[in-house]
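The values are calculated or read from the model by the stated rules, or taken from the named source; none is laboratory data. The shown structure was predicted, so the numbers you read here are calculated from the model rather than taken from an experiment. Every residue, glycine as well, gets a Cβ built from its backbone with ideal geometry; the counts of neighbours run over all protein chains shown. For the accessible areas, the whole protein counts, side chains as well, though only heavy atoms, and no ligand, DNA or RNA atoms are used. Shrake-Rupley method; radii C 1.70, N 1.55, O 1.52, S 1.80 Å.
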Amino acid sequence: MDILLAVKAIIMGLVEGFTEFLPISSTGHLILAGSLLNFTGEKVKVFQIAIQAGAMLAVIWEYRQRIATVLAGLGSDPKQQKFVVNLIIAFIPAAVLGFLFSEMIKARLFTPVPVATAFIVGGLIILWVERRHTGKQQAARVESVDDMGYGDALKVGIAQAFALIPGTSRSGATIIGGMLFGLSRKAATEFSFFLAIPTLLSATVYSVLKERHLLSMADLPMFLLGGLAAFASAFLCVRWLLRYISTHDFTIFAWYRIVFGILVLVTAHFDLVVWAE
């Protein structure tokens, strides 16, 4: 494989892993990074989705004991059964809407300016939810993922569906949406992690199978390098984020989104950076 292509694949994998579970939009950052690296095209869109599997594996490894407990209790433990049903309920809205509208979204929204706009709007929403959350005196209604009801799961699933818009952020939509619906910061974050497993896995499989005519065995090293880089960086990010949320809110990510989004729009408007479409 060409060395330059390998470097680009690794950079994209690192970007994916470091941004997938933060409320700043991994897809948006991948689109912008690909534009700056001149790493664009239909095959690259498949690559951007496929390397999410590496980030997903980092969550599986981090929560391997909990996942093993869930699998062991599926046949007899009502708590584990309820947890799995909640994941299925939360997964369905984005899966259905993604299946129906993914082609339209890729064609019209996988470009820097719509992504930058979504960055800004998402940042403003995070600021609003955090201010609302801070202003409340009572404790969260749902403190743990095991306390979630089916209605809570459906609401988080609907929030996740908004992340089909590039730049919105899947983790941001589920975490901030969960907090808005009464989940604690910890419960919303952990449920977002678990929900990433079926969401990212299905997106990867669907995209690769659907666009397999674009791919060949020669592309495998590029996908493996990107996936491994995504796994390593996501593993570090997940562990850091779990520590971070114990003492901090998400305000800093909101301001990052707003400033970064404005920067992209300004550079695009004045042709300071040639953002590839």
**Prompt:** Looking at this structure, is residue 187 among the aliphatic types (A, V, I, L, M), assigned to a helix (DSSP H, G or I) and within 15 Å of the chain's Cα centre (by Cα)?
**Reply:** no
**Request:** For residues that are open to solvent by 70 Å² or more (accessible area, probe 1.4 Å) and not β-branched (Val, Ile, Thr), scanning just the range 105-134, find the one that is nearest to residue 259 (Cα to Cα).
**Result:** 124
**Message:** Quick check on residue 44: is it under 29 Å from residue 84 (Cα atoms) and open to solvent by less than 40 Å² (accessible area, probe 1.4 Å)?
**Reply:** no
**Request:** With the condition kept exactly as written, say whether any residue in the range 26-35 is among the aliphatic types (A, V, I, L, M), closer than 29 Å to residue 176 by Cβ and open to solvent by less than 10 Å² (accessible area, probe 1.4 Å).
**Result:** yes
**Item:** Pairs, first within 20 Å of residue 199 (Cα to Cα) in the range 52-81, second open to solvent by 60 Å² or more (accessible area, probe 1.4 Å) and in a loop (DSSP other than H, G, I, E, B), C-beta under 7 Å, six or more apart
**Value:** 80/74; 81/74
**Asked** Going through the range 6-40 one residue at a time, which ones are farther than 19 Å from residue 256 by Cα and either modelled with pLDDT of 95 or more or in contact with a Ser or Thr (Cβ under 7 Å, 6 or more places away or on another chain) (or both)?
**Response** 6, 7, 8, 9, 10, 11, 12, 13, 34
**Request:** Just name the residue that is farthest from residue 57 (Cα to Cα) out of those in the range 1-18 that are open to solvent by less than 10 Å² (accessible area, probe 1.4 Å) and under 11 Å from the mean Cα position of the chain (by Cα).
**Result:** 16
**Prompt:** Among the numbered criteria (1) open to solvent by less than 30 Å² (accessible area, probe 1.4 Å); (2) modelled with pLDDT of 95 or more; (3) within 30 Å of residue 6 (Cα to Cα), which single criterion is violated by residue 166?
**Reply:** (2)
**Asked** How about the range 77-104: which of its residues are open to solvent by less than 20 Å² (accessible area, probe 1.4 Å) and either over 19 Å from residue 151 (Cβ atoms) or polar (S, T, N, Q) (or both)?
**Response** 80, 86, 98
**Asked** Name the pairs whose Cβ atoms lie under 7 Å apart, with the first residue in the range 264-277 and more than 20 Å from residue 120 (Cβ to Cβ) and small (Gly, Ala, Ser), the second open to solvent by less than 40 Å² (accessible area, probe 1.4 Å) and at pLDDT 85 or above, and 6 or more positions between them or separate chains?
**Response** 276/35
**Asked** For residue 270, which of the numbered conditions (1) touching a Leu at 6+ places or on another chain (Cβ under 9 Å); (2) open to solvent by 30 Å² or more (accessible area, probe 1.4 Å) fails to hold?
**Response** (1)
**Prompt:** Since residue 236 meets every condition but one in (1) closer than 27 Å to residue 147 by Cα; (2) of a type outside the set (Phe, Trp, Tyr); (3) under 20 Å from the mean Cα position of the chain (by Cα), which condition does it not meet?
**Reply:** (1)
**Message:** I'd like to check something: does the range 106-120 contain any residue that is over 24 Å from residue 271 (Cα atoms) and either modelled with pLDDT under 95 or of a type in the set (Lys, Arg) (or both)?
**Reply:** no
